[in-house]
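Peer 1: Let me begin by handing over the structure; questions about it come next.
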Amino acid sequence: MIGYMLTWTTYGTWLQGDQRGWVKDGALRDADLGLKIVNATNLKGSPVRLNTVQQEKVYRAILKHSAEKGHVILAMAVANNHVHLLIKGCDEEPGRLVARYKNNARKGLGEEFGTGPVWTKGFNKRFCNNSRQLKGMVDYIDGHRCLTSWVFIRSAVASGYRDIKPPDRSGG
């Protein structure tokens, strides 16, 4: 295995029943407006959408944690309602990785959201077993073109992130 793409969403922004489809037990489910309404009613707080400053904080916190742990990020996108992280395969179980990255990203945001949730409980993982799949995942993440989206296919840890910076904010 080359690596895996980990995806998690911000709280309340992609509910079960969503019109875009949703995932349960690894299976893609169809839209269900009634289910979405029930889930929206049961939210314990407001849905979370990250502004550009918050996206940048999440991005930096993820980079910092990956450097501390020696993880190699192959691609990353931080959107206003979700994060995609393509990470080189390692011995750590994906669920533990996501928990660490969510916690560190939450800490990176500081007290901006009080004690309320920032992330949903679950996550999605896709395994990457060959260079064709790797290219497809990188292209998918790069296609997001989020403010703090940055794609790199080299050892970020070896470079110490010295030459890695977010894209030009002017949209160019």
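The values are calculated or read from the model by the stated rules, or taken from the named source; none is laboratory data. These numbers come from a predicted model, not from an experiment. Here the Cβ positions follow ideal geometry from the backbone for every residue, glycine too, while neighbour counts run over all protein chains shown.
Peer 1: When you look at THR7, is it within 15 Å of the chain's Cα centre (by Cα) and either exposed (fewer than 15 other Cβ atoms within 10 Å of the Cβ) or β-branched (Val, Ile, Thr) (or both), yes or no?
Peer 2: Working: within 15 Å of the chain's Cα centre (by Cα): yes; either exposed (fewer than 15 other Cβ atoms within 10 Å of the Cβ) or β-branched (Val, Ile, Thr) (or both): yes.
Yes: the conditions hold for THR7.
Peer 1: Which of the strands (runs of 3 or more DSSP E) found entirely inside the stretch 15-107 contain at least 1 residues meeting this: buried (at least 17 other Cβ atoms within 10 Å of the Cβ) and out of contact with any Phe, Trp or Tyr (no Cβ under 6 Å at 6 or more places or on another chain)? Lay out the reasoning, then the answer.
Peer 2: Details: elements: 22-24, 27-29, 73-78, 82-88.
Per the criteria, 22-24, 73-78, 82-88.
Peer 1: I would also like to ask the following. Can you tell me which residue within the stretch 108-138, out of those that are hydroxyl-bearing (Ser, Thr, Tyr) and surrounded by fewer than 15 Cβ atoms within 10 Å (Cβ to Cβ), is nearest to GLN16 (Cα to Cα)?
Peer 2: By that ranking, first place goes to THR115.
Peer 1: Return the only residue of VAL58, VAL83, VAL72, VAL48 being modelled with pLDDT under 90 and at negative phi. Walk me through it before giving the result.
Peer 2: Numbers: VAL58 fails: modelled with pLDDT under 90; VAL83 fails: modelled with pLDDT under 90; VAL48 fails: modelled with pLDDT under 90.
Of the residues listed, the single one that is modelled with pLDDT under 90 and at negative phi is VAL72.
Peer 1: Of all residues in the stretch 108-147 being under 11 Å from HIS84 (Cβ atoms) and in a loop (DSSP other than H, G, I, E, B), which is modelled with the highest pLDDT?
Peer 2: This residue is PHE123.
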